[in-house]
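Read the structure below first, then the notes.
The values are calculated or read from the model by the stated rules, or taken from the named source; none is laboratory data. Just so we're clear, the structure is a prediction, and the values are computed from it rather than from any experiment. Every residue, glycine as well, gets a Cβ built from its backbone with ideal geometry; the counts of neighbours run over all protein chains shown.
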């Protein structure tokens, strides 16, 4: 691989869209939020915040204090000085971001384990209903986990995967599929590849009409798209904190259970953190009331503490302001794609309606695998590749600027025009 | 509560056992290991390493690098630069500590979630066998989780809790209980309250004679007592890394599956980290071969990286040397108890045979709850309280000295002799 970039890395002041980017950045009320992140002004254009958000400056202080003072000096005493309650406390911080109330959200385990716990709990509560409805735009692990949860619930329920055209969610087919045999509807609120945003209110209502529960995976929407869990009466949700919440690599996930359901559902992995009196060490399990009922075992405190600063920032800025910038970034991206990228062979593999689009888009290209490598190595833009032919570009409203997108688009065009990507391997080798 | 200690905090050079402590510390081949921990020479005598181990100095560097460079600067690229393999890599580091081979150990989730996964996998593999054998010395959450796993396996298996006298494990009763109706035997290798060490080889052999599987919880033995998983042919094990491995608060746990079982058991929570080709995003789950098959979702990297230094230190020192010092510390403790503490009303609520005793002991006293508080607040010794009347004292061979134990014993006697503990609340209020 070349040791130095072979491309013009800009700025590109004469190109279409440059003045607009500069103007929008100047008027951006969130422009200063970028200062809250480490290395946000490095030479890298980072468009993968939908996979791993940037490191907030405040996180360093928080993790350092947790490690050196709380663990190193206070030792075991820290369990009584904040650690034990931290999963709920961060849950309270996050609650308004997804329209939930305090006491309805808990930091817990990984997204997959949380999905298992809530899905199995839901399925066990409706053993007479046979069907679990999802779609083929869902993150595939959600399908695996839903099937695992169905096995654990033991009621013979089956996961039915509604087909899509690959970009827009199959709303009508899902609505038609939901019937009085349906136990659970579980979808990604924003789909991981195309960025399609489901109408959470409408599907929740439809499920409730049929007497089914809904379980939303908010991983790609939390912190980028408003989520009206409370207003829509959504039953259950899970999500990760390491994308738009900037919680850190693999940071603990969250789960949401509507308050009136909390004491009616049974956690399928009952552990001492969910016990009503955990330090009595009774041999029999007695569940605590409330959201802690869905805990299992001890939480990883460095990673948990590391998630707090990012979540606090999102909560402080407010999801409406974040969404407004995200929509503007998406519209700008589409305009730039049409002018600079469609002519060189990129398809738009995301919704065109801004109301149905999250904070990332996929651009399709038959040589996307090679392009992704050249883009990273020579253009200093970090995208994602998603099989089979998608270059996935995320725009994180807290630190991505309009100029970031302009620069990224022009560099992408340059990669394809110079065809330097053809020097890169065509075969997928390991993780991209 | 008083603002300054009301006790003589030593040293106590005239007291019985002092010269012996000094001599044993002088001859201790592990004495310098203490320098590898933060604040190990503070005024606190820390006897709760069996609950939360101290912070290794090297952990600070490791977490800092993971946070600032790997996350902050390398961003998403770090997933291909070590993060994805880290759970297996740390597993390889830990393997010799428990007598396992590389590829048999994986860092994953919490101890409770791992116990659920392995127990449910084992139970599903033997649906015709009805019984799960455990005991009442097991950490209670293990009982809750075993019952959860039995529900998930769906074969109607029941957990049978063999009663003990409260200190020694009921070996004979367990051996007698294991029969050809037994699916699984699951015990804590070292019990959490009394520190009793089960004969892992003998019970594993007995279970295998009957055609049952064994699942050991190594939380209180890993890093303090040799565990011969490979030599005994043990089937399954789980354990935590935040006690004698000094992995940090709530650090990710580990799971062990004997190699020949790995591809015969089914992970009950199949997630993308266990997929054969996770980045192809297939809608169907295809399990990878080997130990990664028992992964589920994304691991918390700050906490995972934070566990490595402690585990590396234990592996480098070697479990035999650690055990030798632990036994010596335990014998010294018993001698000191007999001289200084038995006369003032403390019972020995742990095994007397050093071969059957782990690296912590429980001292019973009817006023243990009050004593624990005074001990912490006025004597600067950090113990644990375990219901109903146990003061639990752990000695971590890597950083506790014989003088630590001598000092702790004399201060404990002083608390009881001066009766300053009667100023503290008698009722349990929250976590102690």
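A few comments on the model shown:
- Members of the range B:111-133 that are surrounded by fewer than 24 Cβ atoms within 10 Å (Cβ to Cβ) and touching a strand residue (DSSP E or B) at 6+ places or on another chain (Cβ under 9 Å): B:125, B:126, B:127, B:128, B:129, B:130, B:131
- If the condition is being in a helix (DSSP H, G or I) and either surrounded by fewer than 19 Cβ atoms within 10 Å (Cβ to Cβ) or without any contact (Cβ under 8 Å) to a residue 12 or more places away in the chain (or both), then the range B:94-110 contributes B:95, B:96.
- Those residues of the range B:387-398 which are crowded, with 23+ Cβ neighbours inside 10 Å and either within 15 Å of residue B:191 (Cα to Cα) or more than 12 Å from chain A (Cβ to nearest Cβ) (or both), in sequence order: B:390, B:391, B:392, B:393, B:394, B:395, B:397, B:398
- Within the range A:38-53, being more than 7 Å from chain B (Cβ to nearest Cβ) and under 28 Å from residue A:318 (Cβ atoms) holds for A:40, A:41, A:42, A:44, A:45, A:47, A:49, A:50, A:53.
- On inspection, residue B:2 does not qualify as at pLDDT 95 or above and outside any helix (DSSP H, G or I).
- Out of A:307, A:315, sole residue that is under 18 Å from the mean Cα position of the chain (by Cα), away from every other protein chain (no Cβ under 13 Å) and under 29 Å from residue B:251 (Cβ atoms): A:315
- Breaking point among (1) at pLDDT 95 or above; (2) over 30 Å from residue B:37 (Cβ atoms), for residue B:226: (2)
- Here the condition is being within 8 Å of chain A (Cβ to nearest Cβ) and part of a helix (DSSP H, G or I); of B:152, B:121, it holds for B:152 alone.
- Complete set of residues in the range B:155-172 that are part of a helix (DSSP H, G or I) and either surrounded by fewer than 17 Cβ atoms within 10 Å (Cβ to Cβ) or in contact with a strand residue (DSSP E or B) (Cβ under 9 Å, 6 or more places away or on another chain) (or both): B:172
- Tally, over the range A:291-304, of residues that are facing chain B (nearest Cβ under 9 Å) and assigned to a helix (DSSP H, G or I): 4
- Residue-level analysis places residue B:417 among those that are touching a helix residue (DSSP H, G or I) at 6+ places or on another chain (Cβ under 7 Å) and farther than 16 Å from residue B:45 by Cβ.
- Some residue of the range A:19-37 being within 11 Å of another protein chain (Cβ to nearest Cβ) and surrounded by 20 or more Cβ atoms within 10 Å (Cβ to Cβ): yes
- Test: residue B:169 is modelled with pLDDT of 95 or more and farther than 22 Å from residue B:296 by Cα: yes
- Single unsatisfied condition, residue A:175 versus (1) surrounded by fewer than 24 Cβ atoms within 10 Å (Cβ to Cβ); (2) not in a helix (DSSP H, G or I): (2)
- Considering residues of the range B:249-271 that are out of contact with any strand residue (DSSP E or B) (no Cβ under 9 Å at 6 or more places or on another chain) and either within 14 Å of chain A (Cβ to nearest Cβ) or in a loop (DSSP other than H, G, I, E, B) (or both) only, the residue surrounded by the fewest Cβ atoms within 10 Å (Cβ to Cβ): B:264
- Note on the range B:367-386: residues that are within 9 Å of another protein chain (Cβ to nearest Cβ) and either touching a strand residue (DSSP E or B) at 6+ places or on another chain (Cβ under 6 Å) or assigned to a helix (DSSP H, G or I) (or both) amount to 4.
- Conditions (1) within 14 Å of chain A (Cβ to nearest Cβ); (2) in contact (Cβ under 8 Å) with a residue 12 or more places away in the chain; number of the one not met by residue B:284: (2)
- Note on the range A:39-76: residues that are farther than 19 Å from residue A:393 by Cβ, at pLDDT 95 or above and part of a loop (DSSP other than H, G, I, E, B) total 2.
- Among the residues examined, residue B:293 qualifies as surrounded by fewer than 24 Cβ atoms within 10 Å (Cβ to Cβ) and in contact with a strand residue (DSSP E or B) (Cβ under 6 Å, 6 or more places away or on another chain).
- In the range A:182-212, residue surrounded by the most Cβ atoms within 10 Å (Cβ to Cβ) [restricted to those that are out of contact with any strand residue (DSSP E or B) (no Cβ under 6 Å at 6 or more places or on another chain) and assigned to a loop (DSSP other than H, G, I, E, B)]: A:191
- Only a single item in (1) more than 22 Å from residue A:291 (Cβ to Cβ); (2) at the interface with chain B (Cβ under 8 Å from one of its Cβ atoms); (3) surrounded by 18 or more Cβ atoms within 10 Å (Cβ to Cβ); (4) more than 22 Å from the chain's Cα centre (by Cα) is not met by residue A:73, and it is number (3).
- First in the range B:42-71 and farther than 24 Å from residue B:390 by Cα, second anywhere and assigned to a strand (DSSP E or B) and modelled with pLDDT of 95 or more, Cβ under 7 Å, 6 or more apart: B:55/B:37; B:56/B:37; B:57/B:37
- Test for residue A:129: is it in contact (Cβ under 8 Å) with a residue 40 or more places away in the chain and part of a loop (DSSP other than H, G, I, E, B): yes
- Residue list for the range B:228-248, filter: closer than 15 Å to residue B:92 by Cα, assigned to a loop (DSSP other than H, G, I, E, B) and more than 12 Å from the chain's Cα centre (by Cα): none
- Counting residues in the range A:346-357 that are in contact with a helix residue (DSSP H, G or I) (Cβ under 6 Å, 6 or more places away or on another chain) and in a loop (DSSP other than H, G, I, E, B) gives zero.
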